[in-house]
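The values are calculated or read from the model by the stated rules, or taken from the named source; none is laboratory data. Values in this document were obtained by computation on a predicted structure and should not be read as measured data. As a convention, Cβ positions derive from the backbone with ideal geometry for all residues, glycine included, and neighbour counts pool all protein chains shown. Just so you know, the surface numbers come from the protein's heavy atoms only, side chains and all, with ligands and any DNA or RNA stripped out. Shrake-Rupley method; radii C 1.70, N 1.55, O 1.52, S 1.80 Å.
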Amino acid sequence: MNFLTGKFSALVSPSSESIQQQQRQRGPEETVQYLADQIETATLAEDKRAAIQTIKGLSRQYKKLVTEIALDPLLKAFIENDPENPKISEYILDTLNYLCSTEDEISSMRPESKGISFDATNRVISTDGVVATIYELLANPEHSVQFAAINLLALFTQTAGEKIQATVLEQPIHVDRIVDLMSSPQDFIRSKTVEVLIAMTQRDKTIQQIVAFKSIFEKIFAIIAEEGGIRGNIVIEDYLTLLKNLLDNNISNQNLFREMSWIKKLQEFIDLDSPLNNSPNALAMVDDDTDSDDYYNWSDEQQCRNMHMALEIVQMLLQPGISSTSDNQNEMQRCGIIPPLLQLALEALVPTAIRAQSLLALGALLSNSKRIQNIFQRTLITSTPVTEDGHEALPTHGKKLIPEPAIVIIIRLAVGPCPATINPHSYFRVRAAATQLIQFYLQNNDDAKLGLAATIIPPPTNPDHEESSGQGSSGGESAGSLVVTALVGRKDNCSADPLRTWFAASLLSVLLHNNNDCKMLALSYKITGSEDEDSNEPIPLINEIAYQCSQFVKKFGISTQPSSYSQIVISYLSLLSVWVYRSPTVVARYLDDGTNYQFLIQLITGSTPSFPLVQSMASFLLGIVYEFNTDPSTNVTRDSLYPILHKQASTDQMLLQVQSLHKHPYFSTARTLSMFPEKVLETSPAEIYFDPTVTEILVEHYETYRRQINTDPKSFPAPVGGLGSGVDASMTAGGISGDQPTVAMGSPQVPVSPRSVGSSTNLSVTASTVGSGAGAAIARATSPEQVAPNQQADIDALKKKLTTRNAKIVKLERTINDLKSQLHGAETAANEATEKAVKAAEETKALQEKQETLQQPPPPQVIEKTSPEDLNKISCLEQLVKDLQAKLDQSEQKAQEFDQQIETLKKKIEESEATLLRKENEWLGDLQMLEDQLEQSQNSNRDLELRLEENQRLYSALSPAHGDGDGNVQESKSGVVDEEREKIIRELKEQLKELETSQEDLMLLLGDQTEKISGYKQKLRELGHVVSDSEDEDEDLDDDDE
């Protein structure tokens, strides 16, 4: 026994001559085999420990041999080891670490060594009892054993993470032992423990919840406070990473985190003035050589990473669409997180990446929370503005800056000058994040939008107030005026720092989108020309923006390659597109200046060389201007724009340009940013061309744009109730006014000049005025109580019927559009059925070929050897082929039925369209005839009026002035006058009778129209469309007929 002990003692000492002699005598393989046998057969713990220690020394150089020969004896000894011999467990754990590691020097030099490590890992984990023993050793009082065990688990989580996670899920008690190590006094053990927990909680929500309910949050913040808060080392980053894993997409853990008031601790971490970041432990981290102005030493990369991770956790708790987000927002606001976020965003010494992330976190806090948006609206900040040359505008004579609304400060960050001490490329992040914050602030907040739009007009300047306040350049600036100044008021013409203009256009687009009140407020704002211009006449803001865009192209030109100048032009065009979108009044004001659309045509046709995306945006803008040009006061009608689009611009070219825009990588980037705003921090300024607002319009309106761009003006449905392109949209009950001037319209397709008669002049007004004139002329010869009121009442009835018929025609047009939509759906269903039928046919054909192969007559000996199982398979295949054939027949039958339905619908739609077109033509003809008849009545009444006046003059000449003559002569003359008067009266009565007859004809004509409308409604019912017949509508028709 002493002999064996001596032998093992010689093996333990690497420098002894005995071990060297044995290695030379036996060789590496024999030595490892000898030691493995000793591990299995040794009866003394000392002998076994000596053999294991030697194996540990050989495992680095002879990893393959040790894995193949000694791994199983090591694992057996590891499981059976007495807890009173911790050194044996420690040596085995160290050996397993060497064998399973893929990052040692030998593995890096020998690629095949990594395969050996993976094989060793699989064998260790798959051996029953090994992993459980490792977890038990985590509770061993020896720190060396604890570290060896947790280090091996960390290694397993890297190479076999899913298997280790499975062991935790099988025995959740193992988590307790891991979490307990976070309280270890040894830093190296705590570090490895956090590494294991980070790996385990990355993807498994169940493990996240198990860990979270082990008081893990308390341990994390206790260690963060102990390590010095934000000023701490990499340990802080590791613990914040673990905290992020525990909260990521885990509503249960987020609720627990909020309910246990840990959000307050998170707020203290990002608050630079909190006790956590100014405790003795934190101040001990401050370098004595640190500049007093940079008290937090933001040049320290680790400190920046710590803050970056904390801000990421804040954003993660405020993800949109998550059920707990609203509660998290309220809790963060209650804890006072807004001031520290603003402090980080506005502090000049803070790196731009952290400032930008603070702004994004603050924006997420405001998103869809009206209460917090109102709080932010009332927040006042004292901040030093930056002048145009990039320097701070400090107050003079020791005077203090006056606090300003937070929204003004944030907008100044977005569109103000870049500080001279910051790289403009880096400052792009701050601007993008500030713009995103304002978008969140305005989200679903129409009151805030209106309030911001009202500030577009700057407040009046008060020199005394500015002098007393010491605001310098910031005095008198409002939020909206900052945006307008960056758009059209820059003295450098956007040549320096062009992205200022891009962000200003993006902010104004957010303000105007889907808010007609804001559009009208902005439209009412006018800018006075500068002193060097010929005219100082105020110019509407929309036309000034269009002018700035054209002048920018004229002065700098647009390269055919991507450039910052292209970004500015696209921002102008995008803003104009958002402004005119679904706003006919804005379109009319935009077209007041004819050079605006001519400039777009130059960009589209290439007469002005430009970047392809510029051409695409110009095509889109011109297309929606044409589509929404329905305001009666417009200077350029659709009829005028239509030939321009087709002959000069070419609608085919416009469609191709807009289509190419959707395929461009820059547009794909814009769509990504619209869905994930936080990715703007990872985007290059050179890739920013489209803001989220115009991107949304380009995506949603693309299909409608394709249809409308080629639509003839006469085919557009009247926007309010007109019959077509020739009848103005104001022909409604609310748009008819008897006070409008008379307009003689020879044809309903001749447009009325908006400058001469206003926006409410139309055919109904003409009829009203003519009717009133005829009644007045007749009233001079007959009773005014009988003729004039009746005539006026009839004309009012005619106007009411016209309005009712117009409304019904609009309903018919909408019905036809609904039928077209049904046709499109039927075609889609038919295409799907056809694809299924083709697929079924292919499967059936393949099975038929297989069946034919099976049904070929085999040789007799093969038939004899066919088993019953094979025959059953053949029968099943035959039945399957029959079933598929039946399904194919059904699919083909359904496809035929769909085709028949489509053809029927097409025919019905064509018939309906033809009927509607014929009805419109008849209706226009009837209207023309009605107008002609009324005009003839007016002319006839005028003739009667002249004859009556002549008769009165004759009567005056023949009465009392000749009373001195002969009585007989006087009687004779009086009789002649009476006869003449009777004759005139009879003629007037005949004319009146003719007018009444004409009026009855008109009523009959309107009755015929009513019958036609009823017929069209019946046809629509036959087509399967539901046509409402409300009681109110029937009563209106009955009243009209009466």
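Proximity of backbone amide H atoms, modeled 1.01 Å from N, is registered between residue 527 and 539, 541 at under 5 Å, excluding neighbours fewer than 5 places apart on the same chain.
Counting only protein heavy atoms and using a 1.4 Å probe, the accessible area of residue 512 comes to about 0 Å².
Compared with the alpha-carbon gap, the fully stretched path from residue 989 to residue 298 is longer by 238.6 nm at 0.36 nm per residue.
Leaving ligands and nucleic acids out of the surface, order 662, 143, 174 by accessible area at 1.4 Å, largest first. Please list the in-between numbers first.
Details: 662 50, 143 70, 174 20 Å².
So, going from the largest accessible area down, we get 143, 662, 174.
Note on surface exposure: 616, 383 rank 383, 616 by accessible area, highest first, 1.4 Å probe. Ligands, DNA and RNA excluded, the heavy atoms of residue 675 present near 130 Å² of accessible surface to a 1.4 Å solvent probe. Checking the cross-link pairs 647/908; 919/1017; 48/192 against a 22 Å limit on the alpha carbon distance flags 647/908; 48/192 as lying beyond it.
Could you check how much of the accessible area of the stretch 202-248 is carbon and sulfur, as a whole percent, using a 1.4 Å probe? Write down the numbers at each step before the final one.
On the way: 800 of 1780 Å².
That share works out to 45 percent.
Approximating the spin labels as points 7 Å out from Cα along Cα→Cβ, the residue 142-to-residue 84 distance works out to 1.4 nm. Using a simple spin-label model with pseudo-atoms 7 Å out from Cα toward Cβ, residue 209 and residue 278 lie 4.2 nm apart.
The residues of the stretch 542-633 present an accessible area of 28 Å² per residue when probed at 1.4 Å with all protein chains retained. Think of a 1.4 Å ball rolled over the protein heavy atoms: the stretch 208-349 then has 41 Å² of accessible area per residue. 3J(HN,Hα) along the stretch 499-514, derived from phi through the Karplus expression 6.51 cos²θ - 1.76 cosθ + 1.60 where θ = phi - 60°, amounts to 5, 4, 5, 4, 5, 5, 5, 5, 5, 5, 5, 4, 5, 8, 5, 6 Hz, with x in place of Gly and Pro.
Let's test the formula: R0 of 25 Å, r as the Cβ-Cβ distance of residue 660 and residue 607. What FRET efficiency results, to the nearest 0.05? Spell out each step's value before the answer.
On the way: r = 19 Å, r/R0 = 0.76.
Efficiency computed from Cβ-Cβ geometry: 0.85.
Only the Cβ atoms of Lys and Arg (+1) and of Asp and Glu (-1) were treated as charged; on that basis the dipole of the stretch 233-371 about its Cα centre amounts to roughly 980 debye.
Place +1 on the Cβ of every Lys and Arg and -1 on the Cβ of every Asp and Glu in the stretch 87-245, take the dipole about the Cα centre, and give the residue among 241, 117, 159 whose Cα lies farthest towards its positive end. It is 241.
Between residue 555 and residue 650, the C-beta separation translates, for a Förster distance of 45 Å, into a calculated FRET efficiency of about 0.95.
Estimated at the nearest 10 Å², the accessible area of residue 87 is 100 Å² with a 1.4 Å probe.
Ordering 327, 128 by how much accessible area each has at a 1.4 Å probe, largest first, what is the list?
Working: 327 75, 128 135 Å².
In descending accessible area the options line up as 128, 327.
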